[in-house]
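Have a look at the structure below, then the notes.
The values are calculated or read from the model by the stated rules, or taken from the named source; none is laboratory data. Fair warning: this is a prediction, and the values are worked out from it, not measured in the lab. Note that we place each Cβ from the backbone using ideal geometry, even for glycine, and neighbour counts take in every protein chain shown. Accessible surface areas use protein heavy atoms only, side chains included; no ligands, DNA or RNA. Shrake-Rupley method; radii C 1.70, N 1.55, O 1.52, S 1.80 Å.
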Amino acid sequence: KLFANRLSVLGFIIFIVILVMCLGAPLFTQYSATKVDLRNILSPPTSSHIFGTDKIGRDIWARILYGGRISIGVGLGSALVATVLGVSLGTMAGYKGGWFDGVIMKVSEILMSFPQIILVLILVTITGQSLWNLIFIFSITGWPSMYRMARSQMLSLREEEYVQALKAFGIGSMSVAFVHMLPNAIGPIFVNITLSTAMFILQEASLSFLGIGIQPPTPSWGNMISAAQTFISYRPVYSIMPGVAIMITVIAFNIFGDGLRDALDPKLRS
């Protein structure tokens with residue numbers, strides 16, 4: 001079903017190509033992302049610098065590749081950590097119920113009552129602006145949606161006959177929940193990982209653009225756009241190319257996520 005959706009496959013291929021190019025950046029550029037060259041300040045696109053250079057002579061193509069490591073790493077890493085945390089809590093709470101479910105549900109409701117970007121801004125101000133802090137903050141603010149999804153799946157599955165049979169055989173609660181029930185609920189979770197990754201990439205770019213995300217000289221797509229604002233009138237490629245990288249990556253991953261949802265959700269199959 002997934003491979004029959006050509007648009008979804010195209011989105012996945014585009015994302016993988018971008019990921020491989022970013023991870024293998026030294027294979028695709030001879031320049032450093034941080035080395036200053038004052039003789040080539042704001043150089044236009046040339047055969048040596050295909051997208052030109054920035055305000056202190058750094059190669060823009062190199063910074064896009066190396067910056068992609070940061071932007072995609074923050075997005076994908078945050079989505080995976082939030083998934084592990086949210087799904088673990090949701091699986092236990094949905095299966096066991098009781099006071100544990102009530103406490104975790106209240107905590108998730110409190111976190112979800114705040115606009116996420118506002119909560120992220122507050123936590124960034126408190127914890128600081130490092131890469132690992134951003135992953136931690138996005139994970140803390142992103143797990144409630146994963147928790148509620150996993151919990152709802154467990155609530156619908158725990159009354160199934162095979163679950164009752166497993167209980168009758170005396171199999172432990174955690175084994176029933178994580179080994180036998182969770183694999184039957186994994187489809188929507190995979191879809192949410194793809195959509196959350198795209199969302200976190202955009203949030204990291206927004207924070208870096210505002211100057212409270214990844215700090216220079218470490219490149220990220222967001223702080224590259226922020227640094228290019230002053231020169232957009234006569235060096236538009238300086239800001240356009242990081243924006244194009246964000247747009248293509250997010251759209252490709254969202255398209256793949258939509259196709260994955262259609263393939264894994266029986267209600268959406270034609």
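What shape does region 54-120 take by its C-alpha gyration tensor, where a ≥ b ≥ c are the square roots of the eigenvalues and a/c under 1.5 counts as rounded, a/b above b/c as prolate, and the rest as oblate? The partial results should precede the final answer.
Values: a/c = 8.01, a/b = 2.68, b/c = 2.99.
Oblate shape, in that a/c is at least 1.5 and b/c is the bigger or equal ratio.
Would you tally the net charge around LYS96, using a Cβ to Cβ cut-off of less than 15 Å, leaving LYS96 out, and scoring K and R as +1, D and E as -1?
Spelling it out: positives minus negatives among the neighbours equals +1.
Rolling a 1.4 angstrom probe over the protein chains, ignoring ligands and nucleic acids, what is the accessible area of LEU264 in square angstrom, nearest 10?
Surface open to solvent at LEU264 totals about 70 Å².
With label points built 7 Å along Cα→Cβ from the Cα atoms of ALA4 and THR125, find their separation and express it in nm.
For the pair ALA4/THR125, the computed spacing is 5.2 nm.
Taking the 0 to 90 degree range and rounding to the nearest ten, how far is the long axis of helix 6-23 tilted relative to the main principal axis of the chain, both from C-alpha atoms?
Compared with the principal axis, the helix lies near 60 degrees.
Between LEU7, ILE117, GLN30, whose Cα lies farthest towards the positive end of the dipole of region 1-131 when Lys and Arg beta carbons carry +1 and Asp and Glu beta carbons carry -1, centred on the Cα centre?
Among LEU7, ILE117, GLN30, the one farthest towards the positive end of the dipole of region 1-131 is GLN30.
Might you work out the accessible area of THR125 for me, using a 1.4 Å probe with all protein chains in place, and round it to the nearest 10 Å²?
Spelled out: THR125, probe radius 1.4 Å, area about 120 Å².
Between region 58-133 and region 1-51, what is the C-alpha centre distance in whole Å?
Taking the Cα centre of each part, region 58-133 and region 1-51 sit 26 Å apart.
For the chain, take the longest principal axis of its alpha carbons; what is the angle in degrees between that and the long axis of helix 131-157, to the nearest 10 within 0 to 90?
30
Could you calculate the FRET efficiency of LYS106 with TYR234 from 1/(1 + (r/R0)^6), where r is the beta carbon distance between them and R0 is 41 Å, rounded to 0.05?
Details: r = 54 Å, r/R0 = 1.33.
The pair LYS106/TYR234 has a calculated efficiency of 0.15.
If a/c stays under 1.5 just call it rounded; otherwise compare a/b with b/c (prolate if a/b is bigger, oblate if not). Do that for region 209-260, with a ≥ b ≥ c from the square roots of the Cα gyration tensor eigenvalues.
Since a/c reaches 1.5 but b/c is at least a/b, the shape of region 209-260 is classed as oblate.
Quote the charge dipole size of region 67-203 about the Cα centre in Debye, to the nearest 20; the model charges only the Cβ of Lys and Arg (+1) and of Asp and Glu (-1). Could the numbers behind the result be given before it?
Working: 7 positive and 5 negative charges, 37 e Å.
Here region 67-203 has a charge dipole of around 180 debye.
Give, rounded to the nearest 20 debye, the magnitude of the charge dipole that the chain has about its Cα centre when Lys and Arg contribute +1 at Cβ and Asp and Glu contribute -1 at Cβ. Don't jump to the answer; show the numbers that get you there.
Details: 18 positive and 12 negative charges, 53 e Å.
Dipole size: approximately 260 debye.
Report P(r) for the chain: all Cα-Cα distances, bin width 10 Å, range 0 to the bin holding the largest distance, values in whole percent.
7, 25, 28, 21, 12, 5, 2, 0
On average over all directions, what projected area in square nanometres does region 127-270 have, based on the convex hull of its Cα atoms? Write out the running numbers ahead of the final one.
Working: hull surface 47.2 nm².
Averaged projected hull area, Cα only: 11.8 nm².
Can you list the aspartates and glutamates whose alpha carbon is less than 12 Å from that of LYS167, not counting same-chain residues fewer than 8 positions off?
Within the straight-line cut-off, LYS167 pairs with GLU159.
How far apart, in nanometres, would the label points at MET174 and PHE190 be if each is projected 7 angstrom from Cα along the Cα-to-Cβ direction?
Once both label points are built, they end up 2.6 nm from each other.
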